[in-house]
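Could you have a look at this structure, given as structure tokens, before my questions?
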Amino acid sequence: MTMLPIEHRPTAELAAQLQELAATGLTRRRRVLESPCDRLATVDGKKVLNFASNDYLGLAGNRDIAQAMADGALQWGAGSGASHLVSGHLAPHEKLEQEIAAFTGFPRALTFSTGYLANLAVTPTLAAAYGRGAAVFADKLNHASLIDAMQLAKANGADVQRYPHNDMAALGKMLAASSAACKIIVTDAVFSMDGDLAPLPLLHALAERYDAWLVIDDAHGFGVLGAQGKGCLAHFNLPAAPRILLMGTLGKAAGVGGAFVAGSETAIEYLLQKGRSYIFTTAAPPAVACALVKSLEIIRHGDALRAGLFARIAQLRDGLAGLPWQLLPSPTAIQPLIVGDNEAALKLANALWERGLWVPAIRPPTVPKGTARLRISVSAAHSETDIAALVGALKELS
């Protein structure tokens with residue numbers, strides 16, 4: 001007797017949910033790059049202008065950085081071999097942390113393999129130090145990694161509250177009403193889907209008033225904003241204060257990979273001793289640290305790159321004025337064009353793709369329902385002609 005296979009119900013449930021994603025225009029797909037990250041890319045066999053990456057200074061394909069990585073691999077090998085606290089903290093890692101601390105103005109820095117891991121370390125570790133005596137106050141538009149960190153803090157017993165985006169009056173009321181022994185304010189510096197800035201001077205003033213920690217994710221500001229590209233604190237002329245913990249990613253403007261957290265000697269030592277996503281992760285290859293030391297040098301002397309980037313941003317914004325879609329008021333390299341409907345956003349992105357322009361459509365749950373958009377990422381590597389091509393195509397499609 002032939003036995004018919006029994007349907008595996010958990011698998012069937014996954015398949016049903018995948019079908020639902022497809023029906024609502026929310027299926028994500030990966031494209032395969034067949035060339036290095038640059039303004040011009042070969043993707044899925046098609047040559048396109050790349051407006052999809054976070055390579056804001058055009059350093060991902062920089063030959064000097066690549067050479068530093070290659071030299072580092074030849075000298076230090078391919079891998080670190082262990083976590084930092086076992087045997088994986090090599091001299092290049094130590095040098096990079098010292099360079100980052102000096103660059104940002106903080107006494108000390110700790111490096112991580114990704115920004116997600118860095119964020120999962122900071123807020124939950126601070127909250128766990130105080131148990132149920134901690135309270136976390138997070139912006140509603142924070143990055144997913146900060147949201148997940150907030151949930152981990154909640155699991156550790158912290159009271160967690162989310163304030164309306166950049167609403168300092170609401171945050172002030174929450175802080176005033178809280179009797180927590182430890183208050184932690186958590187915010188992006190540049191919001192990754194809107195491109196706007198957090199009001200860091202006001203946030204810092206609230207942190208001072210209510211004796212709170214201020215955790216800042218400067219993933220999209222580091223290397224781009226402020227004097228020498230030092231980021232959003234420098235942009236707002238804020239000090240490297242002991243109550244601030246600054247996270248910055250090293251795979252966006254820095255062009256390589258990884259992340260750091262900078263702060264006071266005490267705070268960083270506590271993260272080193274207690275941060276689970278630091279302690280239990282194999283250290284990044286030392287060659288990556290070698291490449292990042294070179295990248296920091298270029299960023300430090302990169303005023304011309306930043307000037308070129310902001311000239312292209314201004315050109316784009318001028319060119320897109322008057323189109324039927326809403327261009328959000330972003331002063332950064334992230335330029336969101338709100339389309340609204342999921343399918344309409346996908347259709348517009350596909351039409352640009354057919355014209356050789358790669359601009360991703362961003363849909364819920366990454367952004368709120370009804371705000372599907374094109375997320376245009378501008379790079380210092382883009383030329384005036386590149387921006388004009390994108391503007392011309394969008395005008396033709398409007």
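The values are calculated or read from the model by the stated rules, or taken from the named source; none is laboratory data. The structure presented is a predicted model; accordingly, all values stated were derived computationally and were not measured. Here the Cβ positions follow ideal geometry from the backbone for every residue, glycine too, while neighbour counts run over all protein chains shown.
Would you be able to tell me the number of residues in the stretch 276-311 that are of a type in the set (Val, Ile, Thr) and either within 19 Å of the chain's Cα centre (by Cα) or not in a helix (DSSP H, G or I) (or both)?
Looking only at the stretch 276-311, we keep the residues that are of a type in the set (Val, Ile, Thr), and these are 279, 281-282, 288, 293, 298-299.
Now drop any that are not either within 19 Å of the chain's Cα centre (by Cα) or not in a helix (DSSP H, G or I) (or both), which leaves 281-282, 288, 299.
Total satisfying the criteria: 4.
Let me spell it out: the conditions are (1) under 25 Å from Thr332 (Cα atoms); (2) out of contact with any helix residue (DSSP H, G or I) (no Cβ under 9 Å at 6 or more places or on another chain); (3) not polar (S, T, N, Q), and Arg132 meets all of them except one. Which number is the exception?
(1)
Taking the stretch 178-192 as the search range and keeping residues that are over 15 Å from Leu246 (Cβ atoms) and crowded, with 19+ Cβ neighbours inside 10 Å, which one is farthest from the chain's Cα centre (by Cα)?
Ala180
Could you grab me the full set of residues in the stretch 134-190 that are assigned to a loop (DSSP other than H, G, I, E, B), free of Cβ contacts under 8 Å to residues at least 60 places away in the same chain and within 25 Å of His220 (Cα to Cα)? Please lay out each step first, then the result.
Filtering the stretch 134-190 for residues assigned to a loop (DSSP other than H, G, I, E, B) gives 140-143, 156-158, 164-167, 178-181, 189.
Narrowing further to those that are free of Cβ contacts under 8 Å to residues at least 60 places away in the same chain: 140-141, 156-158, 164-167, 178-181, 189.
The answer is Lys140, Leu141, Pro164, His165, Asn166, Asp167, Ala189.
Now, a different point. Filter the stretch 43-64 down to the residues that are over 20 Å from Val378 (Cβ atoms) and either at pLDDT 95 or above or assigned to a loop (DSSP other than H, G, I, E, B) (or both) and list them by number. Quick ask: steps written out before the conclusion?
Here is the first cut: in the stretch 43-64, the ones over 20 Å from Val378 (Cβ atoms) are 44-46, 63-64.
Of everything in the stretch 43-64, those that are over 20 Å from Val378 (Cβ atoms) and either at pLDDT 95 or above or assigned to a loop (DSSP other than H, G, I, E, B) (or both) turn out to be Asp44, Gly45, Arg63, Asp64.
Oh, and also: Scan the stretch 67-80 and tell me whether some residue there is surrounded by 12 or more Cβ atoms within 10 Å (Cβ to Cβ) and either within 17 Å of Phe260 (Cβ to Cβ) or not assigned by TED's automatic domain parsing to the domain that holds Arg243 (or both). Break it down stepwise before answering.
The first filter runs over the stretch 67-80 and keeps only residues surrounded by 12 or more Cβ atoms within 10 Å (Cβ to Cβ), leaving 67-73, 75-77, 79-80.
Narrowing further to those that are either within 17 Å of Phe260 (Cβ to Cβ) or not assigned by TED's automatic domain parsing to the domain that holds Arg243 (or both): 80.
Within the stretch 67-80, one or more residues are surrounded by 12 or more Cβ atoms within 10 Å (Cβ to Cβ) and either within 17 Å of Phe260 (Cβ to Cβ) or not assigned by TED's automatic domain parsing to the domain that holds Arg243 (or both).
In the stretch 260-300, what count of residues is obtained for those that are touching a residue at least 12 places away in the same chain (Cβ under 8 Å), closer than 27 Å to Gln75 by Cβ and not hydrophobic (A, V, I, L, M, F, W, C)?
8
If Glu97 satisfies every condition in (1) touching a residue at least 12 places away in the same chain (Cβ under 8 Å); (2) closer than 30 Å to Val391 by Cβ; (3) within 26 Å of the chain's Cα centre (by Cα) but one, which is the exception?
Exception for Glu97: condition (2).
Being in a helix (DSSP H, G or I), buried (at least 20 other Cβ atoms within 10 Å of the Cβ) and touching a residue at least 60 places away in the same chain (Cβ under 8 Å) is the filter here; which residues of the stretch 210-233 pass it?
Initially, the stretch 210-233 is screened for residues in a helix (DSSP H, G or I), giving 227-229, 232-233.
Now restrict to residues that are buried (at least 20 other Cβ atoms within 10 Å of the Cβ): 229, 232-233.
The answer is Gly229, Leu233.
Ok, one more. Could you figure out which of (1) in contact with a Lys or Arg (Cβ under 6 Å, 6 or more places away or on another chain); (2) of a type in the set (A, V, I, L, M, F, W, C); (3) crowded, with 24+ Cβ neighbours inside 10 Å isn't true of Ala207?
(3)
Can I ask one more? Ala52 is checked against (1) free of Cβ contacts under 8 Å to residues at least 24 places away in the same chain; (2) aliphatic (A, V, I, L, M); (3) within 30 Å of Lys347 (Cα to Cα) and fails just one. What number does that condition carry?
(1)
Select from the stretch 78-129 the residues that are among the polar types (S, T, N, Q) and in a helix (DSSP H, G or I) and list them in ascending order. Steps first, answer last, please.
First, pick out the residues of the stretch 78-129 that are among the polar types (S, T, N, Q): 80, 83, 87, 98, 104, 111, 113-114, 119, 123, 125.
Once the filter is applied, which keeps residues that are among the polar types (S, T, N, Q) and in a helix (DSSP H, G or I), the stretch 78-129 yields Ser87, Gln98, Thr104, Asn119, Thr123, Thr125.
Please work out which one of (1) out of contact with any strand residue (DSSP E or B) (no Cβ under 9 Å at 6 or more places or on another chain); (2) under 14 Å from Asn50 (Cβ atoms); (3) surrounded by fewer than 20 Cβ atoms within 10 Å (Cβ to Cβ) is the condition Ala389 fails and give its number.
Status for Ala389: all satisfied but (1).
A follow-up question, please. All but one of (1) part of a helix (DSSP H, G or I); (2) more than 20 Å from the chain's Cα centre (by Cα); (3) not aliphatic (A, V, I, L, M); (4) not assigned by TED's automatic domain parsing to the domain that holds Gly255 hold for Gln273; state the number of the condition that does not hold.
Here Gln273 meets the rest and fails (4).
Any residue in the stretch 381-398 that is more than 24 Å from Lys252 (Cα to Cα) sitting within a Cβ distance under 6 Å of a residue that is modelled with pLDDT of 95 or more and buried (at least 19 other Cβ atoms within 10 Å of the Cβ)? List the pairs, counting only those 6 or more apart or interchain.
Partner pairs satisfying both residue conditions: Ala393/Leu352; Ala393/Leu357.
Any idea which of Leu316, Leu352, Leu320, Leu327 is within 18 Å of Ala393 (Cα to Cα) and touching a Pro at 6+ places or on another chain (Cβ under 8 Å)?
Details: Leu316 fails: touching a Pro at 6+ places or on another chain (Cβ under 8 Å); Leu352 fails: touching a Pro at 6+ places or on another chain (Cβ under 8 Å); Leu320 fails: touching a Pro at 6+ places or on another chain (Cβ under 8 Å).
Unique residue meeting the criteria: Leu327.
Which condition from (1) closer than 25 Å to Glu94 by Cα; (2) within 27 Å of the chain's Cα centre (by Cα); (3) in a helix (DSSP H, G or I) is the one that Gln75 breaks?
Against the list (1) closer than 25 Å to Glu94 by Cα; (2) within 27 Å of the chain's Cα centre (by Cα); (3) in a helix (DSSP H, G or I), Gln75 comes up short only on (2).
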